[in-house]
Amino acid sequence: MKPGLNWFAFAAPQRFYPLAGRLLPWFAVAAALLGVAGLYIGLVLAPTDAQQGEAYRIIFVHVPAAWMSMVIYLAMAGWAGAGLVFNSRLSSMMACALAPTGALMTFLALWTGALWGKPTWGTWWVWDARLTSELVLLFLYIGFMALHGAIEDTRRADRAAGLLALVGVVNVPIIYFSVKWWNTLHQGASVSFTKAPSMATPMLLGMLVMALAFWMYCIAVTLMRVRAIMLEREGHTGWALAARQSQPAATRPQVETR
Amino acid sequence: MNESAWLVWAAMGGHALYVWGSLGACALLMAAECWLLRLRQRQLLRDLPQSPTRPQP
């Protein structure tokens, strides 16, 4: 073993639990500050769109939610894959911690998309390639959580749901490239690595700041949830009981004295 | 900004329902997620056993 910081040490829940607890407030504060800044840029500073008027401002939550729905799925499948290969406890807990937030982001992308579609396309929903593949993503998240919940033995549930997550990965590039591969009602990519942005600078800036805010939010809630999952699965062990001592007194159980 | 300028801004060019419906749903559900997770963590810490136990079979 090489000297220096051993990152694998944090793969043990008893080490990761306090680390996640220390990191959490930073991500939460960053999410709040970036969210306020992004909304100010997006709702106040950014100009009205020439074609869509004010309805385009939905972009400041729609695009970040849609990006996160795909990023979280990739992260979830990555952790699930690591859990299958290395059989490590933390990997599968991370996959389980990511799924509900991923489902929420997917739902928000669909919800805000419907509210954007009505004024611009004249319809809440169409069975277009982009929308349909995003709906499939929501079903994949729900399927992952339902399958995990249906199997009583946690380790077996991890493996079965992990396999489902890995199979579902094929849907992510389909969502991303759907606007190129098929003739869709959904507009093309708002931001791409290969061409200069077609948006006004404050619009682009607002969207990127909001995307960062969503990143920070998702990391913060995932850390919160993985801590809860650790307590649920390993709360009976010595480390979890020691972790309680570092909590504020209000959350500790009252010891009855007679 | 004076009051009427605020109202014009809030009306979002007649698209208030769509814009605020989107932002409101995001804010509401994200706040709910945080609140539920806090509640879950508090309950878990409260219900931890007093001493290490063997996992239930």
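Check off (1) assigned to a loop (DSSP other than H, G, I, E, B); (2) away from chain B (no Cβ under 14 Å); (3) of a type outside the set (A, V, I, L, M, F, W, C) for A:His236 and give me the number that stays unchecked. For A:His236, the failing item is (2). Out of contact with any Lys or Arg (no Cβ under 7 Å at 6 or more places or on another chain), in a helix (DSSP H, G or I) and either crowded, with 23+ Cβ neighbours inside 10 Å or within 13 Å of chain B (Cβ to nearest Cβ) (or both): does that describe A:Leu74? No; evaluated as a whole, the condition is false for this residue.
To keep it simple, each residue is scored yes or no on (1) of a type outside the set (Asp, Glu); (2) surrounded by 14 or more Cβ atoms within 10 Å (Cβ to Cβ); (3) within 14 Å of chain B (Cβ to nearest Cβ).
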residue	(1), (2), (3)
A:Pro119	yes, yes, yes
A:Trp127	yes, no, no
A:Phe144	yes, yes, no
A:Arg156	yes, no, no
A:Val169	yes, yes, no
A:Gln187	yes, no, no
A:Val191	yes, yes, no
A:Pro202	yes, yes, no
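Residues of segment A:13-35 that are over 20 Å from A:Leu104 (Cα atoms) and within 12 Å of chain B (Cβ to nearest Cβ): A:Tyr17, A:Ala20, A:Gly21. Consider segment B:1-43 and keep the residues that are among the charged types (D, E, K, R) and more than 17 Å from A:Ala109 (Cα to Cα). The one that is modelled with the lowest pLDDT is B:Glu3. The residues in segment B:5-24 that are in a helix (DSSP H, G or I), within 9 Å of another protein chain (Cβ to nearest Cβ) and of a type outside the set (S, T, N, Q) can be counted, and the count is 11. Count of segment A:134-176 residues, restricted to those that are in contact with an Asp or Glu (Cβ under 8 Å, 6 or more places away or on another chain) and within 24 Å of A:Ser192 (Cα to Cα), is 1.
If the Cβ limit is 6 Å and pairs must be 6+ apart or interchain, which residue in segment B:21-50 that is surrounded by fewer than 17 Cβ atoms within 10 Å (Cβ to Cβ) pairs with which residue that is among the β-branched types (Val, Ile, Thr)? Final answer for the pair search is B:Arg42/A:Thr251. Applying a threshold of 6 Å to beta carbon distances and a minimum spacing of six or more residues, or different chains, the list of pairs starting in segment A:177-193 at a residue that is part of a loop (DSSP other than H, G, I, E, B) and aromatic (Phe, Trp, Tyr) and ending at one that is surrounded by 14 or more Cβ atoms within 10 Å (Cβ to Cβ) and at pLDDT 85 or above reads A:Trp182/A:Ala129. Scanning segment A:105-116 for residues that are within 11 Å of another protein chain (Cβ to nearest Cβ) and in contact (Cβ under 8 Å) with a residue 12 or more places away in the chain turns up A:Met105, A:Phe107, A:Leu108, A:Ala109, A:Leu110, A:Thr112, A:Gly113, A:Leu115, A:Trp116. For segment A:118-165, the set of residues classified as of a type in the set (S, T, N, Q) and under 13 Å from A:Cys96 (Cβ atoms) consists of A:Thr154 only.
The values are calculated or read from the model by the stated rules, or taken from the named source; none is laboratory data. The model shown is predicted, which means the values in this text are computed figures rather than measured ones. Virtual Cβ from ideal backbone geometry, glycine too; neighbours counted across all protein chains shown.
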